[in-house]
1. Would you check which residues across the stretch 179-195 are touching a residue at least 12 places away in the same chain (Cβ under 8 Å) and either β-branched (V, I, T) or exposed (fewer than 13 other Cβ atoms within 10 Å of the Cβ) (or both) and list them?
2. Among residues belonging to the stretch 85-120 that are in the same structural domain as V58 (by TED's automatic domain parsing), in a loop (DSSP other than H, G, I, E, B) and of a type in the set (S, T, Y), point out the one that is farthest from D137 (Cα to Cα).
3. Take the conditions modelled with pLDDT under 85, among the polar types (S, T, N, Q) and closer than 21 Å to P207 by Cβ and apply them to N121. Does it pass?
4. Would you point out which residue out of D154, D140, D123, D144 is in a loop (DSSP other than H, G, I, E, B) and more than 24 Å from D59 (Cα to Cα)?
5. Could you count how many residues in the stretch 180-219 are in a helix (DSSP H, G or I) and among the β-branched types (V, I, T)?
Amino acid sequence: MNLITLKTFVYKVLVAFIYCFISTPICNAALLVWNNNSEGDLAGYHVYYGTSPGNYTVDVDVGNVTEYKLDDLDLHEDVIYFIAIAAYDTSGNESDFSTELDYFADDGVPYDVDNCPDTYNPDQEDTYPPQGNSIGDACDCGGDFDCDGDVDIDDISVFLLDFGRATYNDPCTNDWCNGDINCDGTVDADDLTKMLEDLGRNYYNNPCPDCGGGDWCSY
């Protein structure tokens, strides 16, 4: 890893350090790393970020850890983000923000081969559907059944029509069904969890990519 930025900060009550590393050029994923606080009532940390200095529009509770991958945040490509960390204790008290870190989100993947060109996606994972579809997991929508670019109540209604289909109850391998997001032949709680991850995406909020040709699953 090559050290690109080092920020040190002191809270009024809690003390921590934050480093920003860049991993190997192949992955090119950024990692926030900080020293653990010594207070016995330390509960965890919040990562705050936004697109203007001091204005943090997103708050992620990362728990009591000392590092966090930036590709686990919902970042867009070619955007400068301003990031700060705050610690909190078991009583819910939170420290001041850290010194602010600015980070230009660029996953290093050329646009013409990036499977999510507008989303920070250095790992280029494509595990849904299991056979891949050339659309990265970072931007894919398994629940956009009507291919209108969003995941809404209409898609939930379609999902529920097939919910409960299983190995011994009209499995999807017998006849195509909506909702088998992990392509295991059933429509169950695991698929519901994946669908809820995308519920609410629409034209103005991280729209789903265009539906690819062919079936979602290959049984």
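The values are calculated or read from the model by the stated rules, or taken from the named source; none is laboratory data. Note that this is a predicted model, so its numbers are computed, not measured. With ideal geometry, Cβ positions are generated from the backbone for all residues, glycine too; neighbour counts draw on all protein chains shown.
1. Step one: list which residues in the stretch 179-195 are touching a residue at least 12 places away in the same chain (Cβ under 8 Å), which gives 179-183, 185-188, 191-192, 194-195.
Within the stretch 179-195, I181, T186, V187 meet the criteria.
2. Restricting to residues being in the same structural domain as V58 (by TED's automatic domain parsing), in a loop (DSSP other than H, G, I, E, B) and of a type in the set (S, T, Y), the top hit is S91.
3. Working: modelled with pLDDT under 85: yes; among the polar types (S, T, N, Q): yes; closer than 21 Å to P207 by Cβ: yes.
When the stated conditions are applied, N121 passes them.
4. Values: D154 fails: in a loop (DSSP other than H, G, I, E, B); D140 fails: more than 24 Å from D59 (Cα to Cα); D123 fails: more than 24 Å from D59 (Cα to Cα).
Result: D144 is the single residue among D154, D140, D123, D144 that is in a loop (DSSP other than H, G, I, E, B) and more than 24 Å from D59 (Cα to Cα).
5. Here is the first cut: in the stretch 180-219, the ones in a helix (DSSP H, G or I) are 189-198.
Checking which are among the β-branched types (V, I, T) leaves us with 193.
Final tally of qualifying residues: 1.
Conditions (1) among the small types (G, A, S); (2) buried (at least 17 other Cβ atoms within 10 Å of the Cβ); (3) free of Cβ contacts under 8 Å to residues at least 40 places away in the same chain; (4) more than 29 Å from D140 (Cβ to Cβ), marked per residue:
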| site | (1), (2), (3), (4) |
| --- | --- |
| P53 | no, no, no, yes |
| D59 | no, no, yes, no |
| T66 | no, no, yes, yes |
| V79 | no, no, yes, no |
| I83 | no, yes, no, no |
